[in-house]
Amino acid sequence: MFTKDQIHQAFSKVQTGADFPQLVQDLKSIGMSHYDNYVADGRTQYFDNKGNILEGEAKYPTLPLANQTSIEGLKHALLIHQQGQTDYPSFCKDAADAGVEKWTTHMINMEVTYYDSKGKIMVVEPIPVPAH
């Protein structure tokens with residue numbers, strides 16, 4: 001099972017959404033299968049291939065989630081974040097404003113799935129392979 005230190009080391013290299021594909025490869029290399037990130041407070045649950053779970057702490061003060069979901073708002077937030085125009089806290093606020101409760105980053109399927117508060121899938125994004 002991976003450690004919180006290994007996870008923090010991988011995340012410390014990320015500056016913008018453009019760094020995300022390499023982060024996924026780094027997390028996959030330490031044995032992570034997927035993680036769930038909760039938008040309201042940044043709490044994350046990390047899963048390995050054997051079903052073990054490592055619980056992360058809240059990363060920021062609670063963000064209110066919009067009652068109404070906006071798939072278009074989420075797609076716009078993703079686009080500008082992937083282009084490196086927003087940092088992680090800004091992206092989380094934009095996701096909350098779009099009504100995202102959590103997203104699951106899946107290293108095996110190489111995709112990120114965004115869910116609303118009812119568990120409905122809003123957007124599924126493929127994770128690109130990082131350029132070397």
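Observations, loosely collected:
- Selection from region 4-49 of residues that are more than 25 Å from T62 (Cα to Cα), outside any helix (DSSP H, G or I) and open to solvent by 30 Å² or more (accessible area, probe 1.4 Å): I30, N49
- Here Q82 meets each of (1) in contact (Cβ under 8 Å) with a residue 24 or more places away in the chain; (2) out of contact with any helix residue (DSSP H, G or I) (no Cβ under 7 Å at 6 or more places or on another chain) with one exception, condition (2).
- Filtering region 51-79 to residues that are of a type outside the set (G, A, S) and in contact (Cβ under 8 Å) with a residue 40 or more places away in the chain leaves N52, L54, L65, T69, I71, L74, K75, L78.
- Filter result for Y88 (open to solvent by less than 70 Å² (accessible area, probe 1.4 Å), of a type in the set (S, T, Y) and within 13 Å of the chain's Cα centre (by Cα)): no
- Residues satisfying the stated conditions in region 8-34, i.e. modelled with pLDDT of 95 or more and within 15 Å of E125 (Cα to Cα): H34
- Hits in region 50-85 - residues which are of a type in the set (D, E) and open to solvent by less than 100 Å² (accessible area, probe 1.4 Å): E55
The values are calculated or read from the model by the stated rules, or taken from the named source; none is laboratory data. Worth saying up front: this structure is predicted, and the values here are computed from it rather than measured. Virtual Cβ from ideal backbone geometry, glycine too; neighbours counted across all protein chains shown. Accessible surface areas use protein heavy atoms only, side chains included; no ligands, DNA or RNA. Shrake-Rupley method; radii C 1.70, N 1.55, O 1.52, S 1.80 Å.
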